[in-house]
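**Q** First the structure, which I've put down as structure tokens, then a few questions once you've had a look.
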Amino acid sequence: MQILFASSHTHDPDVWINPLRKALPYLEFVQWDENGDSINAELAIVWNPPTQIFEREKNLRAVFNLGAGVDAILQRPGLTDNVAIYRLEDAGMAVQMAEYATWALLRASRNFDAYQQQQQQKNWERLPDIQRDAWPVGVLGLGVMGGRVAQTLAGFDYPVAGWSRSAKQLDGVETWAGDEQFAGFLARTRVLINTLPLTSETHSILCRKTFEQLLPGACIINMGRGEHLVEQDLLAMLDEGHIQQATLDVFAQEPLPADHPFWAHPGVTVTPHMSAASLRDVTIRQTAEKVRAFIAGEPVSGLVERNRGY
């Protein structure tokens, strides 16, 4: 059986194709050729696939994504309901997100940024001790990623709540669900951490209406997608003082343009979409197992629900 490898980013076979061939030696891998013809592939492994993949490969039965987010795949023209889409559930990303969120939270709650400034000024001064009750954390999204973030921060004794579309239970975490509980979740939150997938319902969820409902001196940590954030709303509320700090890892336009105001704003920390990378060895093992199970007619985890967008 031939399996198509299609990515808009990488063309080095040693990065993905050769390791996948080693993991699935009974399959013939064919790399996407931008100027080529259809190979009538039934299966494809993709990462940010070319725009015309579904219009050219009309016999695809399943697509296996080398990442957790599938919004780019769902936007490709020609995608039909007959194509099953499978995503990664973790591949080492959840613990990285937890590390990133911890770093961003501690910088604010433990005054680490202020201490760094004091060092530059050669100023030896202890700032007020932490009051954890003053830093209630709210995590948007309680999937594998968000759940790990929420429970990690709860382990540091911060009051942590999580909001998800449907009801979930997590040890040590106060859980809220659905539109009817969203306002209550925001009203008890000072540190808002976004791990949601990007869907039509979550697009622009980080907006003025959301920010206004947070506790004063709020902090925003965005590890979801850049399109979750209304950038001008964030900048306005930083300047108004309701938001104290924003740590942003994802942006609507990447790389972030050199003239973007986020670079120079004193209340914004920018990182280059590095909060959680899919670890290649883990990704290859997980993807190979999904492909093997699909071919064998066995249940495959990570099936995307089209109506939910993830």
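A short reminder: the numbers here are calculations on the coordinates, not readings from a lab. Computed from a predicted model, the values in this text were never measured in an experiment. Cβ placement follows ideal geometry from the backbone for every residue including glycine, while neighbour counts extend to all protein chains displayed.
**Q** Relative contact order of the chain, please, whole-number percent, based on alpha carbon pairs below 8 angstrom and at least 6 residues apart. Spell out each step's value before the answer.
**A** On the way: 551 pairs, mean separation 50.9, N = 310.
Computed over the chain, the figure is 16 percent.
**Q** Here's a follow-up. Only sites in a loop by DSSP and with at most 10 other Cβ atoms within 10 Å count here; which chymotrypsin sites (Phe, Trp or Tyr not before Pro) in the range 42-105 make the cut? Don't skip to the answer; put the middle values down first.
**A** Values: sites: Trp47, Phe54, Phe64, Tyr86, Tyr100, Trp103; in loops: none.
Qualifying residues, ordered by number: none.
**Q** In percent, what relative contact order does the range 93-270 have, based on Cα pairs under 8 Å that are 6 or more apart in sequence?
**A** Working: 312 pairs, mean separation 29.1, N = 178.
Relative contact order for the range 93-270 comes out at 16 percent.
**Q** Could you state the angle between the C-alpha long axis of helix 280-295 and the longest principal axis of the C-alpha atoms of the chain, as a value from 0 to 90 degrees rounded to the nearest 10?
**A** For 280-295 against the chain, the angle is about 50 degrees.
**Q** DSSP loop (so not H, G, I, E, B), at most 11 other Cβ within 10 Å: list which trypsin sites (Lys or Arg not before Pro) in the range 91-176 pass both filters.
**A** On the way: sites: Arg107, Arg110, Lys122, Arg126, Arg132, Arg148, Arg165, Lys168; in loops: Arg110, Lys122, Arg126, Arg165, Lys168.
The qualifying sites are Lys122, Arg126.
**Q** Extent of the range 237-310 along each principal axis, from alpha carbon coordinates, in Å, largest to smallest?
**A** Each principal axis gives a Cα extent; for the range 237-310 these are 57, 29, 19 Å.
**Q** Right, here's the next one. When the chain is treated as a GNM, springs tying every alpha-carbon pair under 10 Å, which of Gln52, Gln96, Gln286 comes out with the largest mean-square fluctuation?
**A** Gln52
**Q** Full-extension gain between Arg308 and Thr80, please, as 0.36 nm times their residue separation minus the C-alpha to C-alpha distance.
**A** Numbers: separation 228, 0.36 × 228 = 82.08 nm, distance 1.57 nm.
The span from Arg308 to Thr80 would gain 80.5 nm if fully extended.
**Q** If you filter the range 194-230 for trypsin sites (Lys or Arg not before Pro), then keep DSSP loop positions with at most 14 other Cβ within 10 Å, what is left? Before the final figure, lay out the partial values.
**A** Details: sites: Arg208, Lys209, Arg225; in loops: Arg225.
Passing sites in the range 194-230 do not exist.
**Q** With angles folded into 0 to 90 degrees, how steeply does helix 231-240 sit against the dominant principal axis of the chain? Use alpha carbons for both and round to 10.
**A** 10 degrees
**Q** Please get the size of the charge dipole for the range 93-270, origin at its Cα centre, with Cβ charges of +1 on Lys and Arg and -1 on Asp and Glu, quoted in debye to the nearest 20.
**A** Details: 13 positive and 20 negative charges, 75 e Å.
Dipole of the range 93-270, to the nearest 20 debye: 360 debye.
**Q** Take Asp14 and Met274, extend 7 Å from each Cα along the Cα→Cβ direction, and tell me the distance between the two endpoints in nm.
**A** Spacing of the two 7 Å Cα→Cβ label points: 2.3 nm.
**Q** Among Ala258, Ala104, Ala293, which one moves the most in a GNM of the chain with springs linking Cα atoms closer than 10 Å?
**A** Ala258
**Q** For the range 12-108, what are the per-bin percents of Cα-Cα distances with bins 5 Å wide, up to the bin holding the maximum?
**A** Per 5 Å bin, starting at zero, the Cα-Cα P(r) for the range 12-108 comes out as 2, 11, 19, 21, 18, 11, 7, 5, 4, 2, 1 percent.
**Q** Have a look at Trp135, Trp263, Trp176 and tell me which one the Gaussian network model of the chain (Cα, springs below 10 Å) gives the largest fluctuation.
**A** Evaluated over the chain, the most mobile residue of the options is Trp263.
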